């Protein structure tokens, strides 16, 4: 087996780990391609900086990369038919070249685009949460800081974990964040932030909240921010409703409120349930009041509305796949798979992670999905009686070859390059007492001598 994995996030590494642990030593290789120059996907560019424990999985990924049957090709944008660069420094590689050189392909490209709210056109004062995450993780797609220096009131639309991550970053003291993997430029902006209140609006109620217990507990414990009390009648379950243990813990936390008394701190925040945006214009956000008794009940407007003066609206209502990516299904917002096999594709083409199952689940869910897809690949291999052929024709696959476009191309980064970058970032961080200080692409080129 010669497998190309398009996408270098957690799912890709977990699939590679399981396959290489199960395949005989001479039975195959795994090559991972990523348009980003750094591996690990959302582990590097999505996990909140103050959650370093979530990034411990990278130790396992480093072990995978030590296997001589594994190779990483960073800064390579695999595209379908139309030559394109996701980022200006990318090396473009047509999917046809992948098909020519590999017997199996796995797409683990995630859901890299934000979903937008139809009532909230994007502007300087209305941005997706992904823009904020890209900013504080220094993602190559980073569009610069949000306008925090002039925003006293921020409203988040949606109350999933990403929304709470953004809220926590805006409410936490920069002095606390300084020790984590937060770029110094981000700390500088946060020190100048004018944010005094963060409102987190959602169209359903507390019993349908999308955040986890861990996320809400962290907000509640912030020493310099306090939560507006939630109306008690919102915290009473519907008659006959069954409340599971995890949801019960969340309701208990919401009932107790923040550790700091509301109004006693410089910054405040609120969970504004049963609110759905109607419009945002001239700093005024109009919200429709809604009602929903249970998760199975459709959210309906009550007919009442309210208007909130807010300086910045951040939408956090989910993610979707890239419509230009191979096998994208517009009905799903990502590719359609069954047991990991991409529907509508040739044999030996697979999908895993968010690219296949949509933007849901935490790292453990991604790992379990990746292991299941790896088992599907192994099972299909065992049932196949055909010799090792390329996906793009009848040619026999050479396990040691790579697409000709990449041979000798200094714009391609391998895993050894990444470990040099990793070491340099950690070293820079140690000098200022923090986890790491991230490098820009220009600094990466200088470090590797590839200007």
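The values are calculated or read from the model by the stated rules, or taken from the named source; none is laboratory data. Every value quoted in this text rests on a predicted model; they were computed, and no experiment measured them. Using ideal geometry, Cβ is built from the backbone for each residue, glycine included, and neighbour counts are taken over all protein chains shown.
Quick look at the numbers
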| item | result |
| --- | --- |
| Selection from the stretch 55-72 of residues that are under 30 Å from residue 217 (Cβ atoms) and exposed (fewer than 15 other Cβ atoms within 10 Å of the Cβ) | 56, 59, 60 |
| Qualifying residue in the stretch 300-310 (condition: part of a loop (DSSP other than H, G, I, E, B) and within 15 Å of residue 167 (Cβ to Cβ)) | yes |
| Residue in the stretch 228-245 that is closer than 27 Å to residue 309 by Cβ, within 25 Å of the chain's Cα centre (by Cα) and in the same structural domain as residue 160 (by TED's automatic domain parsing) present | no |
| Count of the stretch 196-230 residues which are farther than 19 Å from residue 50 by Cα and either without any contact (Cβ under 8 Å) to a residue 12 or more places away in the chain or in contact with a helix residue (DSSP H, G or I) (Cβ under 7 Å, 6 or more places away or on another chain) (or both) | 7 |
| Filtered residues of the stretch 322-336 (kept if on the phi < 0 side of the Ramachandran plot and surrounded by fewer than 24 Cβ atoms within 10 Å (Cβ to Cβ)) | 322, 323, 324, 325, 326, 328, 329, 330, 331, 332, 336 |
| Among (1) assigned by TED's automatic domain parsing to the domain that holds residue 97; (2) in a helix (DSSP H, G or I) - the single one residue 361 does not satisfy | (2) |
| All strands (runs of 3 or more DSSP E) inside the stretch 188-272 with 1 or more residues being at positive phi | none |
| Leading residue by the ranking (nearest to residue 98 (Cα to Cα)) among those in the stretch 407-434 that are surrounded by 17 or more Cβ atoms within 10 Å (Cβ to Cβ) and touching a residue at least 40 places away in the same chain (Cβ under 8 Å) | 412 |
| Leading residue by the ranking (nearest to residue 439 (Cα to Cα)) among those in the stretch 118-140 that are out of contact with any strand residue (DSSP E or B) (no Cβ under 7 Å at 6 or more places or on another chain) and part of a helix (DSSP H, G or I) | 137 |
| Matching option when the condition is part of a helix (DSSP H, G or I) and either at pLDDT 95 or above or crowded, with 23+ Cβ neighbours inside 10 Å (or both), among 15, 47 | 15 |
| Among (1) outside the structural domain of residue 290 (by TED's automatic domain parsing); (2) at pLDDT below 95 - the single one residue 207 does not satisfy | (1) |
| Test result for residue 374, in contact with a helix residue (DSSP H, G or I) (Cβ under 6 Å, 6 or more places away or on another chain), under 20 Å from residue 20 (Cα atoms) and in contact (Cβ under 8 Å) with a residue 40 or more places away in the chain | yes |
| Any hit, the stretch 341-358, residues being within 30 Å of residue 239 (Cα to Cα), in contact with a strand residue (DSSP E or B) (Cβ under 9 Å, 6 or more places away or on another chain) and part of a loop (DSSP other than H, G, I, E, B) | no |
| Qualifying residue in the stretch 21-36 (condition: part of a helix (DSSP H, G or I) and closer than 25 Å to residue 401 by Cβ) | yes |
| Residue list for the stretch 153-168, filter: assigned to a strand (DSSP E or B) and crowded, with 24+ Cβ neighbours inside 10 Å | 154, 155, 156, 157 |
| Answer residue from the stretch 344-356, given it is over 18 Å from residue 21 (Cβ atoms) and modelled with pLDDT of 95 or more and is farthest from the chain's Cα centre (by Cα) among those | 349 |
| Exclusive hit being in contact (Cβ under 8 Å) with a residue 40 or more places away in the chain, in the same structural domain as residue 215 (by TED's automatic domain parsing), surrounded by fewer than 21 Cβ atoms within 10 Å (Cβ to Cβ) and more than 30 Å from residue 104 (Cα to Cα), set 291, 302, 268, 286 | 268 |
| Verdict on residue 103 being surrounded by 22 or more Cβ atoms within 10 Å (Cβ to Cβ), closer than 21 Å to residue 335 by Cβ and modelled with pLDDT under 95 | yes |
| Enumeration of residues in the stretch 1-39 that are closer than 17 Å to residue 136 by Cα and out of contact with any helix residue (DSSP H, G or I) (no Cβ under 6 Å at 6 or more places or on another chain) | 36 |
| Unmet requirement for residue 281, which otherwise passes all of (1) in contact with a strand residue (DSSP E or B) (Cβ under 8 Å, 6 or more places away or on another chain); (2) assigned by TED's automatic domain parsing to the domain that holds residue 158; (3) modelled with pLDDT of 95 or more | (1) |
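Yes or no, residue by residue, for (1) modelled with pLDDT under 95; (2) out of contact with any helix residue (DSSP H, G or I) (no Cβ under 7 Å at 6 or more places or on another chain):
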| position | (1), (2) |
| --- | --- |
| 56 | no, yes |
| 65 | no, no |
| 70 | no, no |
| 75 | no, yes |
| 83 | yes, yes |
| 96 | yes, yes |
